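Just below is one structure, and these are the notes that go with it.
A short reminder: the numbers here are calculations on the coordinates, not readings from a lab. These numbers come from a predicted model, not from an experiment. Cβ placement follows ideal geometry from the backbone for every residue including glycine, while neighbour counts extend to all protein chains displayed.
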Amino acid sequence: MIAVTMGNFAYAKTQEEVLPIKERLNNSKPTYANKYSIVKFFQEHVYYANENDLSNFIKLYAPTYISNDGFNLTSTRELFSDLWKQYNGIKYKNKVNSAAFYGDTAIVNVSESAFANIAGDARKGTLKSYVDVIYYLERKGNSWIITGENVITEEIIISWGDARSVAMYLEAPQLVSSGEEYSAKLFIAPPRGIFAIGSISNEIVSYPQKPQKDVFKKFSQDYTIERIMMANSKDTNEYVVASIGYSRPTNNQSGGVNVNLSGYACLIRRVNVVPKNKYIEVKSENKQSK
């Protein structure tokens with residue numbers, strides 16, 4: 001028998017009852033077996049995604065799954081179903097950066113990317129996305145199941161036509177406080193002969209996504225557009241969305257100028273919104289003597 005003391009209470013446990021605790025401690029070690037099981041799990045994750053196999057893909061998620069955007073299992077299933085219908089043939093890659101083990105749970109940092117060709121237009125287009133995410137896992141037999149996730153960074157670039165040959169960058173903070181003012185800035189470097197107009201807006205992360213109306217304007221002389229925005233006060237993460245229209249002005253026979261849309265781009269960056277904690281007490285350093 002092994003005596004166990006908790007506070008003022010003491011009770012005895014048999015050796016058999018202690019074994020599961022030892023097993024949990026062993027499971028907390030970053031052993032080769034533990035690391036391999038994580039890598040194998042995310043190989044299955046990306047395989048089912050590339051096959052657009054929604055049935056097996058969603059089985060990798062727990063019924064109680066929740067993301068830092070508030071998506072549950074049902075909304076996640078619908079989101080991927082719609083995405084794979086819209087971008088048929090989308091391909092994913094992932095890389096497990098680190099994994100920490102705590103008994104029958106694990107916290108895993110994964111970098112993910114996706115690529116898809118956009119069909120249905122005379123000018124070819126592409127979708128590219130880059131995500132850095134923390135997954136929360138629980139053991140399920142010899143494998144794992146996803147119980148939650150926290151997306152740290154996310155960038156999406158959709159472009160077609162002339163936009164595919166233009167260097168573009170959208171700058172926005174990764175983290176802001178609820179209701180806080182912040183700046184977003186768009187940079188482009190168009191080749192000579194290409195004219196561009198752009199817009200910047202912010203949208204809360206929702207499903208289905210509810211896009212804001214674009215208000216386009218000319219770029220400044222250094223080809224930048226900046227906008228000061230207010231983070232939402234709904235304690236919901238949001239996206240900064242930049243839209244850019246490109247054209248190649250040409251002279252017509254009557255002496256006028258033809259301006260036709262020759263390219264389009266949409267750049268999206270995630271901004272995680274931190275709720276205001278009303279229970280943080282800041283004590284004054286100026287102590288008055290009595």
Report summary line: Taking a crude spin-label model, label points 7 Å out from Cα along the C-beta direction, the Ser113 to Lys140 distance in nm is 2.9
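Which links in Lys85/Lys128; Lys91/Lys185; Lys185/Lys213; Lys59/Lys91 stretch past 22 Å when you go from one Cα to the other?
On the way: Lys85/Lys128 16 Å; Lys91/Lys185 29 Å; Lys185/Lys213 18 Å; Lys59/Lys91 20 Å.
The answer is Lys91/Lys185.
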Requested in this report: Can you check what the net charge comes to around Lys91, using other residues whose Cβ is under 13 Å from the Cβ of Lys91 (Lys, Arg +1; Asp, Glu -1)?
Outcome: 0
**Report entry** Estimated distance in nm for a label pair at Lys234 and Lys35, the labels positioned 7 Å out from Cα along Cα-to-Cβ
**Finding:** 4.3
Report task. Please work out the Cα center distance from the stretch 91-113 to the stretch 136-195, rounded to the nearest Å. Result -> 19
Requested in this report: Beta carbons within 10 angstrom, averaged per residue: use that to sort the peptides 236-242, 94-100, 147-153, 195-201, highest first.
Outcome: 236-242, 195-201, 147-153, 94-100
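By how many nm would the segment from Lys93 to Thr64 lengthen if fully extended, with 0.36 nm per residue of separation less the alpha-carbon distance?
7.9 nm
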Query raised in the report: What are the aspartates and glutamates whose alpha-carbon lies under 15 Å from the alpha-carbon of Lys276, with same-chain residues fewer than 8 places away excluded?
Result: Glu180, Glu181, Asp235
Report summary line: Of all trypsin sites (Lys or Arg not before Pro) in the stretch 128-225, the ones in DSSP coil with at most 12 other Cβ atoms within 10 Å are Arg192, Lys213
**Report entry** From phi via Karplus (6.51, -1.76, 1.60), per-residue ³J(HN,Hα) for the stretch 164-170 in Hz, x at Gly/Pro
**Finding:** 5, 9, 10, 6, 9, 8, 10
